[in-house]
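**Student:** Quick one: the structure is below, and I'll ask about it shortly.
Where a number appears in this text, it was derived from the coordinates with a stated rule and is not lab data. Since we're looking at a predicted model, the values are computed, not measured. So basically every Cβ, Gly included, is an ideal-geometry build from the backbone, and we count neighbours across all protein chains shown.
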Amino acid sequence: MRASDEEALLDAVAELGPALLQVLVRFEQVLRHLHPPAVAGLRASLAEVEPPFSAARETFASCPVPEPLSDFHARLARAGDHAHAALHAFLDTSPGRDATLRVLGSMREHARAQAALYPLRGALPPVNRYFFEPAVWDRIDALDPPPREGRRVGLHHARNAPDERGGFTFFVPESYDDTPLPLVVALHGGAGHGGDFLWSWLREARSRRFLLLAPTSQGSTWSLMGPDVDAGRLDGMIAFVRERWAIDAERILVTGLSDGATYALLYGLRAEAPCSALAPVSGVLHPANFANGNLERARDRRIYLVHGALDWMFPIALARSAAEQLERSGAQLEFREIADLSHTYPRDENARILSWLDPALALPADPPHP
């Protein structure tokens with residue numbers, strides 16, 4: 001190995017790393033404000049970070065790769081490939097019915113870029129900071145200690161590859177020490193995947209120390225029509241992780257986006273549901289809840305209902321009606337109508353949801369409850 005080759009690669013990493021993180025951060029901002037009338041402006045915002053990222057990618061690809069750094073190079077290149085695919089899909093202005101599919105594809109690629117980058121956090125401190133909330137950057141050493149033998153932390157996958165359905169991905173904070181922690185169960189939206197939706201919550205799980213379960217529905221979405229093939233599987237997943245990690249049974253939250261939110265209520269209001277609180281985001285109150293006794297069981301249930309005033313798929317009137325029904329049923333309801341939210345995931349709402357679930361999960365920089 002020539003020293004000059006290693007130096008050239010390290011210089012390329014120093015250029016690509018910040019450019020890649022800038023793309024991921026900007027993409028997260030774009031996804032938060034995703035709304036059909038705003039797409040042109042969001043594309044313009046993403047286009048600003050594309051040239052430096054593409055230039056850095058080309059430099060990185062042209063570098064000789066010393067053998068000891070081949071695995072590192074391959075992982076970082078894969079993260080860059082996914083980020084490039086996300087940009088390409090979102091910035092594509094071709095007309096036609098595929099436009100929505102391209103946006104959904106860009107969201108998947110954004111998540112998979114993070115999945116590829118996460119194993120490199122130990123070698124790249126800026127990457128490690130990206131996967132923590134800024135309020136805890138002064139405590140990273142304590143929150144991400146060196147691995148300890150026998151401690152089952154980090155990411156765990158159970159039959160949940162991108163082409164698999166019905167499995168789950170589970171995250172245990174690196175600082176886990178057998179003290180019972182809260183559990184957040186995050187249900188993806190229609191046509192989604194738990195391995196992708198997990199990244200909407202991982203930064204908070206590492207920073208605030210809770211366990212994170214991201215299941216994947218058996219079908220293309222959750223059991224909202226026909227026989228319920230998901231409830232038993234979810235029960236089994238939660239039981240599985242409770243048997244192997246210390247989980248506080250009084251702080252188990254089921255949340256979800258869109259179809260995942262609709263199913264969170266359908267699943268979480270059952271008599272035997274193994275959860276203590278629900279936080280559906282941009283979903284609806286499924287008609288089955290009126291027929292199966294779920295509304296009667298909503299009494300005294302803690303529910304944090306989030307919906308956007310700009311939601312084009314499930315208009316805000318549906319959420320207001322659901323809030324009225326749940327309040328009449330006696331639920332301990334907090335209804336958050338967000339003025340600038342469309343039908344997309346509000347990552348900035350996670351902090352409020354978590355401090356509502358348990359004030360001990362709050363950070364000093366959290367926004368106040370309205």
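**Student:** Would the stretch 263-370 count as rounded, prolate or oblate if I go by the C-alpha gyration tensor, calling it rounded below 1.5 in a/c and otherwise prolate when a/b exceeds b/c, oblate otherwise?
**Tutor:** Verdict is oblate for the stretch 263-370.
**Student:** If you don't mind, another one. Any idea what the dipole of the chain comes to, in debye rounded to 20, about its Cα centre with Lys/Arg Cβ at +1 and Asp/Glu Cβ at -1?
**Tutor:** Charge dipole, the chain, about its Cα centre: 660 debye, nearest 20.
**Student:** Another question, if that's okay. Set Lys and Arg Cβ to +1 and Asp and Glu Cβ to -1, take the dipole of the chain about its Cα centre, and tell me which of 316, 115, 47 lies farthest positive.
**Tutor:** Towards the positive end, the residue furthest out is 316.
**Student:** In terms of modelled amide H atoms, which long-range or inter-chain residues lie less than 5 Å from the amide H of residue 144?
**Tutor:** Residues meeting the amide H criterion: none.
**Student:** In what order do 200, 70, 329 fall by count of nearby beta-carbon atoms within 10 Å, going from fewest to most?
**Tutor:** 70, 329, 200
**Student:** Sticking with this structure for a sec: Read phi for every residue in the stretch 317-323 and hand back ³J(HN,Hα) as whole Hz from Karplus 6.51 cos²θ - 1.76 cosθ + 1.60, θ = phi - 60°, with x for Gly and Pro.
**Tutor:** These are the phi-based 3J(HN,Hα) values: 4, 5, 5, 5, 5, 4, 4 Hz.
**Student:** Please identify the longest segment of the chain free of exposed GluC sites (Glu not before Pro), where exposed means a DSSP state other than H, G, I, E or B and no more than 14 other Cβ atoms within 10 Å.
**Tutor:** Result, exposed sites excluded: 1-148.
**Student:** Would you please give the residues with an amide H less than 5 Å from that of residue 218, counting only those at least 5 places away or on a separate chain, with H modeled from the backbone geometry?
**Tutor:** Sorted by chain and number, the residues that satisfy this are 166.
**Student:** Using modelled amide H (1.01 Å from N, peptide plane; none on Pro or chain starts), what sits under 5 Å from the amide H of residue 335, excluding residues fewer than 5 places away?
**Tutor:** 305
**Student:** P(r) tail for the stretch 107-239, what percent of Cα pairs lie past 19 Å?
**Tutor:** Of all Cα-Cα distances in the stretch 107-239, 51 percent exceed 19 Å.
**Student:** Restricting attention to the stretch 124-205, which trypsin sites (Lys or Arg not before Pro) occupy a DSSP loop and are surrounded by at most 11 other Cβ atoms within 10 Å?
**Tutor:** Filter output for the stretch 124-205: 148, 152, 159.
**Student:** With both bridge residues required to lie in the stretch 159-252, what share of the DSSP beta bridges run antiparallel, to the nearest 5%?
**Tutor:** 45 percent
**Student:** How large is the helix-only mean residue ellipticity at 222 nm for the chain, computed as the sum of -39500 (n - 2.57) over DSSP H runs with n ≥ 4, divided by its residue count, in deg cm²/dmol to the nearest 500?
**Tutor:** -14500 deg cm²/dmol
**Student:** Kindly state, to the nearest 0.05, the FRET efficiency for residue 81 paired with residue 242, given R0 = 45 Å and r defined as their beta-carbon distance.
**Tutor:** 0.75
**Student:** Counting just the Cα atoms, what span does the stretch 3-120 cover along each of its three principal axes? Round to the nearest Å and put the largest first.
**Tutor:** Here the spans come out as 52, 23, 22 Å, largest first.
**Student:** Give the order of 335, 90 when sorted by the count of other beta carbons within 10 angstrom, beginning with the fewest.
**Tutor:** Going from least to most buried by this count: 335, 90.
**Student:** Between residue 152 and residue 220, 0.36 nm times their residue separation minus their Cα-Cα distance comes to what?
**Tutor:** Contour length minus the Cα-Cα distance gives 21.4 nm.
**Student:** Can you give the percent of C-alpha pairs in the stretch 145-361 whose distance is more than 31 Å?
**Tutor:** Result: 14 percent of Cα pairs exceed 31 Å.
**Student:** State the Cα centre-to-centre distance between the stretch 1-74 and the stretch 227-280 in whole Å.
**Tutor:** If we compute the Cα centre of each part, the gap is 37 Å.
**Student:** What would the Debye formula give as log10 I(q)/I(0) at q = 0.13, 0.17 Å⁻¹ for the alpha-carbon point model of the stretch 180-299, no solvent?
**Tutor:** Results for the stretch 180-299 at q = 0.13, 0.17 Å⁻¹ read -0.46, -0.80.
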